[in-house]
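This report refers to the structure that appears directly beneath it.
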Amino acid sequence: MKSSVGEFTLAMRSKAIPVAGGAGYIGSHTARALRRHRHEVIIYDNLSTGYNSLADGFELIVGDIADQEKLARADANCGSYAFRRSRLCR
Ligand SMILES: NC(=O)c1ccc[n+]([C@@H]2O[C@H](COP(=O)([O-])OP(=O)(O)OC[C@H]3O[C@@H](n4cnc5c(N)ncnc54)[C@H](O)[C@@H]3O)[C@@H](O)[C@H]2O)c1
C-alpha cells in the first residue's frame with residue numbers, strides 16, 4: 001500500500017519514520033502529515049530553535065544530527081525511510 005505525503009511517496013509499513021528537525025516549523029508539519037497518513041513518527045531534534053510543544057504527542061529524541069552515534073541508535077528503531085531536512089545536513 002502506498003501513501004503520498006507532499007512530494008514524497010512512501011510504502012506503508014509498521015516501523016517509525018524519524019523526522020529530523022521535527023520540533024520546528026516545517027518538520028512539525030511534516031510529522032503531522034505523516035501521522036495523518038498513519039505512519040508512526042519519531043522526532044529527532046536538538047531543540048536549538050525548535051519547541052518541545054511542537055513535538056507533543058510524538059516520541060522526541062533530543063539530539064544533534066551531527067551526533068552520528070545517537071542518530072544511528074534512533075534510526076535502529078525505524079524503518080527504511082527518514083526525513084533529513086537538507087538545511088540541517090549542511
Ligand atoms: N508561516 C508561519 O507561520 C511560519 C512560522 C515559522 C516559520 N516560518 C518559516 O519557516 C521557515 C523556517 O522553518 P524551519 O522548519 O526551516 O526552521 P525551524 O527553526 O522552525 O526548524 C528547524 C528545526 O531543526 C532543529 N535543528 C536545527 N539544527 C539541528 C541539528 N543540527 N540537529 C537536530 N536538529 C536541529 C531546530 O531545533 C528546529 O526544531 C522560514 O522560512 C520561516 O520564515 C513560517
Potential lengthening between Q68 and R32 on full extension [0.36 nm per residue; Cα-Cα distance subtracted]
10.4 nm
Could you derive backbone 3J(HN,Hα) for the range 47-54 from the dihedral phi with the Karplus parameters 6.51, -1.76 and 1.60 (θ = phi - 60°), listing whole Hz in sequence and x where the residue is Gly or Pro?
6, 5, 10, x, 10, 3, 5, 6
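Read-outs: derived from the displayed coordinates by stated rules, not from any lab. Treat the numbers as computed from the prediction; the structure is a model and nothing was measured.
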